[in-house]
Amino acid sequence: MKKIFLFICLNLILTKVVNAQFVFPKDIDRAHPRLILPKITKENILKNIESSEDVKQSYNAFKSKISKYVAQYKTDPEWLSSRFQMYWKSHATNIYVNGEYYSHADGKAPVPTVRLTGQRDYVSDYKTPKLEDVKPYLEDERGLYLENSKTNQWEWVKPSKTGRAIENTNENIMGIARDASLVYFVEGDEDYAKLALHLFDVYMQGLYYRNEPIDLKNGNVQNVIGLTSFQVIKENIVDELAETYDFLHDYIQKNHKKEDKIYTASLKKLAEIIIKNGVPDNNWNLHQANFVIQIALALDEDKTYEDGRGCQYYLNRVFNETEARQWSVTDVLAYGYDQNNGVWNESSGYALSVAKGFTELAMVIQNALNVDVLKYMPIIPQAVTIMPQYLYPNNNIVAFGDSHYGPLQTEPLLDLIGNAQHFNKKEQEEKFTALLYMLQGKDKAIKERKSKNAFHDLLYKNEIHLDKTIKPASITDYTTASFYAPNVSWLVMRNSMDIQNGLMISQVGSLGNHAHSNGIAMELYGKGYILAPEGGRGSSYFQPDYREYYSQFPAHNTVSVNGKSEYNKMRSYYAFEINALYPASEQKLGYYPNINFSDVYFNEPSTNSDQNRVMSIVRTGETSGYYIDIFRSKTKTGNADYHDYFYHNLGQELQLTSPENKPLALQPSSKLNSKSGNIKAYDYLSDETSVKINSSFKATYNLSINDEKISMNMWMNGNNNREIFKVNSPPSEAFRKVLPENIEKAPLLTTVVRQYGEAWNKPFVAVYEPSITKEPATIKSVKPFSVETNTSSFVGLEIASKADRTDYVFSSDIQDSFAHNNINFIGTFGILSKESETSTLFMGSGKKIEFGGYTVEILGKKSGAATLVFGKHFELTCDDAILLTVPDDYKKGDVVLNLGFKQLNGERTQINGNKIVVFKVPPTEFQAITINVKEN
């Protein structure tokens with residue numbers, strides 16, 4: 001029933017946009033080549049080579065790499081072409097694969113045919129050889145002759161163990177053909193054209209007689225395989241083939257018209273299989289579309305061909321027609337993007353690359369045909385606008401799922417600026433120029449418009465003149481304190497974007513593509529670094545470390561049930577639900593700035609468990625603050641043996657102590673492994689020691705980096721039947737040349753807290769405070785407190801800081817009444833902060849909170865959010881109407897509350913003999929208020 005519902009919803013989405021057709025010209029006016037900038041002609045290039053020393057040097061360097069092959073071609077015409085990986089002897093036409101591995105080939109063509117690559121996985125023990133090391137005309141029953149990267153010995157190896165060495169070799173050779181054809185285009189030297197055409201001819205003739213590979217397992221590989229690669233999105237050689245044909249177009253028409261039918265047929269065959277296979281509703285669609293567009297632009301007009309399938313035909317197929325495994329651009333944009341916030345339905349790294357891919361696609365069409373396809377894709381500028389929401393304060397993106405840390409790529413911004421300048425969209429130009437300056441800095445952005453390869457820039461880099469008069473945007477215009485993307489089950493809370501003192505939590509469920517089996521996972525930031533990182537992808541999607549560890553619960557900061565929590569990875573359908581969030585997602589103004597709060601629920605499907613994670617950021621000063629993490633977990637049937645809380649942190653040293661700083665008596669143990677009944681991922685943990693302890697404990701994770709010591713100071717509550725493990729986890733593969741290599745390659749310091757039995761009424765409660773040597777931790781103590789209530793899952797914390805501040809935290813899974821230390825609270829999450837002259841009543845989700853004669857009570861609905869700061873001064877915010885009660889210490893007269901330009905009259909009354917004033921306050925943005933007696 002669910003599938004039927006999803007199908008209906010998808011069709012409704014697609015029906016809404018069915019009339020949004022892309023329009024392309026009936027006649028293609030631009031001559032070949034079309035895959036370089038439109039202003040570029042032979043004369044233009046030669047003029048630039050003559051006038052610009054940078055262009056001359058880079059062109060000469062480019063040409064010198066090709067000229068040796070041209071000279072060699074004159075004396076040994078087949079030296080290079082014989083290195084192609086082809087069926088030189090058998091002329092096989094039919095290829096058979098056994099799932100993700102090459103099996104065998106048969107059939108007989110009149111010419112040598114192109115080989116399929118050896119396996120889907122790019123990871124292999126064998127190197128792609130240099131061309132001079134490739135055996136000519138190689139087709140041997142023993143396989144390929146390659147160098148073993150582990151032994152450095154050359155050996156015969158079956159194709160199924162060679163990764164992508166076959167397609168890499170062919171692409172390297174076709175890259176030479178492409179470059180030679182470009183030199184011909186520039187200089188008209190037919191020696192270069194002859195080499196390029198010979199290589200192109202051998203390959204395209206060999207492709208012409210090849211059939212689509214057949215999967216003997218008849219599995220999913222059959223749906224994604226290409227002519228030369230196991231994945232249609234890895235048919236990278238299309239780039240070289242299309243460009244070679246584009247540069248040689250006129251030469252072919254003049255000298256090899258007869259063979260042109262084979263060339264164009266082979267290009268179309270590639271396009272047809274790329275369209276036929278693949279995945280229609282994620283990033284594959286974009287990659288497939290880009291390949292087909294390159295082929296389309298290399299072809300002539302439809303009317304040129306007997307079958308009517310030319311440039312316009314394939315552009316229309318990609319942009320306007322939806323097929324089983326290649327949806328139209330319109331339809332995939334409508335399905336893949338959240339139309340409300342511009343988030344793509346894949347993990348962060350893939351989502352950002354998709355936005356980049358679509359802006360590149362738009363620029364390719366703009367340059368080739370002078371058509372503005374962006375006007376048909378309004379979600380793309382929105383998707384680029386939303387990109388800063390992925391950022392930590394150090395300008396690294398979050399890395400949930402199959403993602404990696406690193407800065408935002410600025411190419412999408414430049415593409416939108418170029419599009420705006422070309423089609424005179426001033427507002428778009430100003431917006432994305434300001435955003436570019438914000439991310440890169442104005443001087444750097446202007447300086448980096450030129451690369452070291454001036455010749456490449458001349459051909460391919462759009463001429464963009466950045467407007468120096470535009471001011472950089474503010475990061476706060478593009479990031480918000482809370483951001484929730486339901487289509488990927490991703491939630492961000494941030495408190496300040498200051499690189500050193502900002503605090504940020506990223507939480508993710510398992511929804512969308514390139515997702516992991518991770519429950520409610522989190523990342524934590526502190527003092528300039530992502531201290532509690534995601535694990536990343538591992539070495540390859542097809543390697544054991546990805547399947548067994550990096551995509552599984554123990555690689556994440558999460559809770560696993562019975563050591564068996566494990567469900568669909570890659571394409572996953574398990575989102576968390578948001579019970580409460582403060583401030584609201586994308587709210588820019590009007591909220592209390594010093595506390596963030598989230599309450600999410602997740603049903604862990606593999607063990608049918610309820611999981612609830614409550615997190616908060618509490619800002620205690622300009623340079624200080626801490627995180628609260630309350631994780632409840634239980635099986636619905638109540639039969640849990642244990643729940644494991646995983647926390648990973650960067651660093652070289654982990655100290656586990658009592659709250660009084662006495663080291664815990666850890667002993668070697670062997671429980672976190674598959675032999676003990678846990679999933680295979682546990683076997684990747686090493687150096688295991690543990691101790692059974694019922695009391696609270698502290699953990700200090702020390703990271704020495706760039707001559708600075710950064711600590712994550714963790715406190716965790718105690719409970720009966722609890723065991724603490726200290727282990728090392730594999731390095732986070734999410735870091736790639738972001739940190740010093742010795743940090744990135746080091747094991748992650750890991751604490752595993754095991755609660756035997758249920759962990760709902762005995763939840764995991766942690767407080768984390770990042771610090772550095774010159775700004776040491778401010779928390780003096782964290783003590784649990786209990787209340788007289790029937791709510792057994794209640795959590796109370798008394799957190800004392802060095803600056804005479806104490807925070808009292810109330811948390812429950814159900815709304816109930818709680819009282820402690822003269823604080824009364826009705827709700828699920830609230831905090832009282834007491835300082836020397838000021839107190840703060842924060843109600844993240846609740847009905848009422850009261851202390852010291854001050855009360856905030858939500859009217860109307862069951863619960864809401866409100867904050868009152870009182871003492872030396874008053875500040876207030878509430879998301880619904882409230883009753884505000886204050887002590888009546890005022891002289892005779894009418895007591896009024898001044899709220900901006902409004903005055904609210906108070907009602908004087910008594911409760912239990914205490915004189916009070918009660919105000920009915922409407923929903924109010926956070927602001928200063930005053931309360932006084934109205935003067936007559």
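A single entry from THR855, THR828 fulfils the requirement of being of a type in the set (S, T, N, Q), crowded, with 16+ Cβ neighbours inside 10 Å, out of contact with any Asp or Glu (no Cβ under 6 Å at 6 or more places or on another chain) and farther than 30 Å from LYS634 by Cα: THR855.
Quickly run through segment 630-663 and pick out the residues that are assigned to a loop (DSSP other than H, G, I, E, B) and either more than 18 Å from LYS709 (Cα to Cα) or in contact with a helix residue (DSSP H, G or I) (Cβ under 7 Å, 6 or more places away or on another chain) (or both). Break it down into steps so the answer makes sense when it comes.
Just the residues of segment 630-663 that are assigned to a loop (DSSP other than H, G, I, E, B), to begin with: 636-641, 650-652, 658-662.
Listed by number, the residues that qualify are LYS636, THR637, GLY638, ASN639, ALA640, ASP641, LEU650, SER658, PRO659, GLU660, ASN661, LYS662.
Residue count for segment 786-805 under the criterion of being assigned to a strand (DSSP E or B), within 17 Å of VAL765 (Cβ to Cβ) and in contact (Cβ under 8 Å) with a residue 24 or more places away in the chain: the result is 4.
Against the numbered list (1) without any contact (Cβ under 8 Å) to a residue 60 or more places away in the chain; (2) within 27 Å of the chain's Cα centre (by Cα), TYR350 comes up short only at (1).
The residue of segment 393-428 that is surrounded by the fewest Cβ atoms within 10 Å (Cβ to Cβ), among those that are within 25 Å of MET497 (Cα to Cα) and of a type in the set (Asp, Glu), is GLU411. If only residues of segment 367-414 that are in a helix (DSSP H, G or I) and charged (D, E, K, R) are counted, the one that is farthest from the chain's Cα centre (by Cα) is LYS375. Which of the residues spanning segment 692-720 are in a loop (DSSP other than H, G, I, E, B), more than 34 Å from the chain's Cα centre (by Cα) and not hydroxyl-bearing (Ser, Thr, Tyr)? The answer is ILE693, ASN694, GLY718, ASN719, ASN720. Look at segment 87-104: where a residue is hydroxyl-bearing (Ser, Thr, Tyr), no partner that is modelled with pLDDT under 95 sits 6+ places away or on another chain with Cβ atoms under 6 Å. In segment 618-646, the qualifying residues are those that are of a type in the set (Val, Ile, Thr) and surrounded by fewer than 23 Cβ atoms within 10 Å (Cβ to Cβ), and the one that is nearest to PRO770 (Cα to Cα) is THR623.
Among the residues that make up segment 478-486, is at least one of them more than 25 Å from ASN283 (Cβ to Cβ) and either surrounded by fewer than 17 Cβ atoms within 10 Å (Cβ to Cβ) or among the hydroxyl-bearing types (Ser, Thr, Tyr) (or both)? Lay out the reasoning, then the answer.
Step one: list which residues in segment 478-486 are more than 25 Å from ASN283 (Cβ to Cβ), which gives 480-482.
Filter again for either surrounded by fewer than 17 Cβ atoms within 10 Å (Cβ to Cβ) or among the hydroxyl-bearing types (Ser, Thr, Tyr) (or both), leaving 480, 482.
Scanning segment 478-486 turns up at least one residue that is more than 25 Å from ASN283 (Cβ to Cβ) and either surrounded by fewer than 17 Cβ atoms within 10 Å (Cβ to Cβ) or among the hydroxyl-bearing types (Ser, Thr, Tyr) (or both).
With respect to being in contact with a Pro (Cβ under 9 Å, 6 or more places away or on another chain), of a type outside the set (Gly, Ala, Ser), buried (at least 23 other Cβ atoms within 10 Å of the Cβ) and in contact (Cβ under 8 Å) with a residue 60 or more places away in the chain, ASN501 falls outside the description.
Among the residues of segment 746-781, the ones that are under 24 Å from TYR642 (Cβ atoms) and among the β-branched types (Val, Ile, Thr) come to 6 in all.
If you go through segment 325-341 and pick out every residue that is under 11 Å from ILE380 (Cα atoms) and crowded, with 24+ Cβ neighbours inside 10 Å, you end up with 2.
Going by the conditions given, is ILE475 surrounded by fewer than 19 Cβ atoms within 10 Å (Cβ to Cβ), at pLDDT 95 or above and within 28 Å of the chain's Cα centre (by Cα)? Yes; evaluated as a whole, the condition is true for this residue. Of the residues making up segment 413-440, just one is within 15 Å of LEU361 (Cα to Cα) and of a type in the set (S, T, N, Q), namely ASN419. Taken over segment 222-249, residues that are assigned to a loop (DSSP other than H, G, I, E, B) and surrounded by fewer than 22 Cβ atoms within 10 Å (Cβ to Cβ) amount to 2.
Selection over segment 664-678 of residues that are small (Gly, Ala, Ser), without any contact (Cβ under 8 Å) to a residue 24 or more places away in the chain and in a loop (DSSP other than H, G, I, E, B) gives a count of 1. Taking segment 658-696 as the range and being within 18 Å of HIS643 (Cα to Cα) and among the aromatic types (Phe, Trp, Tyr) as the test, only TYR682 passes. Selection of segment 784-825 for residues being loosely packed, with under 13 Cβ neighbours inside 10 Å and either within 39 Å of the chain's Cα centre (by Cα) or of a type in the set (A, V, I, L, M, F, W, C) (or both) yields SER792, ALA803, ILE814. Given (1) assigned to a loop (DSSP other than H, G, I, E, B); (2) within 27 Å of SER616 (Cα to Cα); (3) among the hydrophobic types (A, V, I, L, M, F, W, C), identify the lone condition not met by ALA766. With respect to (1) assigned to a loop (DSSP other than H, G, I, E, B); (2) within 27 Å of SER616 (Cα to Cα); (3) among the hydrophobic types (A, V, I, L, M, F, W, C), ALA766 is out only on (1).
The values are calculated or read from the model by the stated rules, or taken from the named source; none is laboratory data. Just so you know, these numbers come straight off a predicted model, no measurement behind them. Here Cβ is always computed from backbone atoms with ideal geometry, including for glycine, and neighbour counts include all displayed protein chains.
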